[in-house]
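Heads up, the thing below is written out as structure tokens.
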Amino acid sequence: NDLERLNLSFPSRDFYHPPTSRSNQFPIKMTKGTTSFGKRHNKSHTACRRCGKISYHIQKKTCSSCGYPAKKMRNFNWGQKAKGRRTVGTGRQRYMKTLTRRFKNGFREGTQAKKMISKE
């Protein structure tokens, strides 16, 4: 027919097939992402006694968040938001919440309130 007349020849069907699945398209190599993240199963940090965060470095034996076992708490001026998370007023305020009332009454202690006598 027409193709034979034009003298065109095509390679046979089993000549070459490009890979159909994506895994076969590229050579296998290590990448910085996905495959490397699967190998991460050792923990360098654990819970800190003082701040409770998972920031205590097991080998260095120091907390990257609060600085434990150093006596002074770790804080820097470049971390204003971190300072605000652990400043006065972020906890229960067991002492501070009664302070304004006690100040208003002159920090009196050991006294009894006078009984109110109802007028009949």
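Some observations on this one:
- Residue 103-residue 83 FRET efficiency (beta carbon distance; Förster radius 25 Å; 0.05 resolution): 0.45
- Accessible area expressed per residue, the range 71-120, with surrounding protein chains retained (probe 1.4 Å, Å²): 114
- Inter-centroid distance (Cα atoms) of the range 34-72 relative to the range 73-120, Å: 34
- The modelled label-to-label distance for the pair residue 39/residue 117, using points 7 Å beyond Cα in the direction of Cβ, is 8.9 nm.
- Burial order of peptide ranges 66-76, 93-103, 31-41 (average beta-carbon count within 10 Å, highest first): 66-76, 93-103, 31-41
- For the range 61-120, size of Cβ-based charge dipole, Lys and Arg +1, Asp and Glu -1, in debye: 140
- Residue 73 paired with residue 50, simple spin-label distance in nm, labels 7 Å along Cα-to-beta-carbon: 1.0
- Built amide H within the under 5 Å cut-off of residue 64, gap 5+: 56, 57
The values are calculated or read from the model by the stated rules, or taken from the named source; none is laboratory data. What you are looking at is a predicted structure, and each value in this text was computed from that prediction instead of being measured. As a convention, Cβ positions derive from the backbone with ideal geometry for all residues, glycine included, and neighbour counts pool all protein chains shown. Accessible surface is based on the protein model in full, side chains and every heavy atom, while ligands, DNA and RNA are left aside. Shrake-Rupley method; radii C 1.70, N 1.55, O 1.52, S 1.80 Å.
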